[in-house]
Amino acid sequence: MYLVYADEKGNVYDHPGLLSVARNGDILTEILEEELIPLPEGATLVSLPDTVPIGMDPKTGEMVKLDGCTAVGALVPQGITRLLLPGYVKSNKDSKLPLFGYSAVVWKDGSFWVAGRSSDDIYKWDPLNFPMDELRQRVEKTLEQFPQNRILNHLSHCALEYECLTASNNFFHRWEGSLPVSYTCNAGCYGCISEQPEDSGFPSPQTRMNFKPTEEELVEVMLHHLQTPESIISFGQGCEGEPSTMASIIVPAMRRVREQTDMGYININTNAGLTDHIKGIVDAGLDLMRVSIISAIDEHYNAYYRPRNYTLENVARSAEYAASKGVYTSINYLCFPGVFDREEEMEAMINFIRRTGIKLIQMRNLNIDPESYLAMIPKAQGEVFGMKQAIEIYQEELPDVVIGSFTHIPPEQLRRRKNMA
């Protein structure tokens, strides 16, 4: 397993004499065969600016810096959980990497491999199922049908410019579609992908919506999408703030839609901090809820989310209430090698999941500059297991909880909806 690096022009090479190493958090480590999978289709190799790659001398076991080059990482598609970070040191301590999730990549048996694990079936999220020529035609047709709907106009930009697959589904009229609703947020997430302070050093990869939709616009989008048993419409997207801040229009819109159709599923992706708002949305007929979380330890959670007028306890109470009302609840777990797999993090999260009745863990790679993230959160207090072993412990401790990456529909609910259709 040989080191992969890039020259100053971005050309990628494998090193003939240095073995690859990786990082688990801030610890350099060897890569095990069982932690590798072939570079997935749809993955992208990227050079990491202002870094120096580190390899290992196979004869001495010594760590070697490859000066004059940059480290290389892989950006893996959704559904693949990274297990290790690329092995590097920063050549400029003040430089921050763009907000992506970098996975360790090696050269092995004549091809690229990454430190990763397949966590879900990626068929519905395979970019090959979203041909751009057809998408453009569908976008044009939909906007002609709803010329005044600002949400669909906003989503056309997300689909065509950012190639957001959830937004694209609104125009392909299938699977999980987007319904962004909020330009405000009750958190100031350190790694927010739609809004960053000017002095953060992180350029936002997306633009946040800048208008408040009307109830009528929400109803139009929901009725347009919810026309098959497997269709899902989701509040809470990367291009918006916290959707539950707009409960005043979400609740009446949901009630109007459910008066007209029982088809499909209504989902919310939320930080769940506004418990009273979440209760209102649940009572209006919510089917699925995904709670965004990075830790079940207050100090760590607060350092990343920087919540405004809510606490982790509010999040737990929201999840508990939703589960008690029959909502299929999941967590959008932002995972980072060397942190997700800490003993104290795992113990706290397992207790949180048991308490709240979470049915599904959606593993999501945290898009962040590793050094900035590690500097802001508590240091490890106990053993660090490694991602692969940590996931196996979750499977053992929570045998009835699904570990995946995407929104799932409970099989029994889907059968019932199909019978109703």
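The values are calculated or read from the model by the stated rules, or taken from the named source; none is laboratory data. Small disclaimer: the values here were computed from a predicted structure and weren't measured. Backbone-built Cβ (ideal geometry, glycine too); neighbour counts: all protein chains shown. The protein model used for the area step is the full one, side chains on, heavy atoms only, and it has no ligands, DNA or RNA in it. Shrake-Rupley method; radii C 1.70, N 1.55, O 1.52, S 1.80 Å.
One table, with the values for the structure above:
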item	result
Ratio Rg/Rh, restricted to segment 335-390 and using Cα atoms, in which Rh is the Kirkwood radius	0.97
Within the accessible area of the chain (1.4 Å probe), percent carbon and sulfur	47
Relative intensity, log₁₀ I(q)/I(0), of the chain from a Debye sum that treats every alpha carbon as a point, q = 0.06, 0.07, 0.10, 0.12 Å⁻¹	-0.25, -0.34, -0.70, -1.00
DSSP beta bridges in segment 124-414 [antiparallel fraction, %, rounded to 5]	5
Across K59/K93; K359/K388; K212/K359; K65/K108; K96/K124; K9/K124, pairs whose alpha-carbon gap is larger than 24 Å	K59/K93; K212/K359; K96/K124; K9/K124
For segment 104-174, alpha-carbon Rg and Dmax in angstrom	16.7, 55
Listed residues P40, P98, P147, most fluctuating in the chain (Gaussian network, C-alpha, under 10 Å)	P147
Candidates Y304, Y183, Y162, ranked by Gaussian network fluctuation over the chain, Cα under 10 Å, top entry	Y162
Per-selection Kirkwood Rh - segment 2-118 (Cα, Å, 1 d.p.)	13.9
Segment 1-91: GluC sites (Glu not before Pro) falling in loop per DSSP and having at most 13 other Cβ within 10 Å	E8, E41, E62
Segment 205-263 - Rg over Rh from alpha carbon coordinates, Kirkwood radius	0.98
Free-standing Cys residues across the chain, given no other cysteine C-beta under 4.7 angstrom	C69, C185, C239, C335
Assigned charges on the beta-carbon of Lys, Arg, Asp, Glu; the chain dipole about Cα centre (debye)	1020
Solvent-accessible heavy-atom area per residue, rounded to whole Å², over the chain at 1.4 Å	43
Value of [θ]222 nm, deg cm²/dmol, for the chain, DSSP H segments ≥ 4, -39500 (n - 2.57) each, nearest 500	-9500 deg cm²/dmol
Options S292, I353, A303, ranked by Cα towards positive dipole end of segment 268-364, top entry (Cβ charges)	S292
Protection-proxy order for peptides 173-180, 368-375, each taking the mean of Cβ atoms within 10 Å per residue, highest first	173-180, 368-375
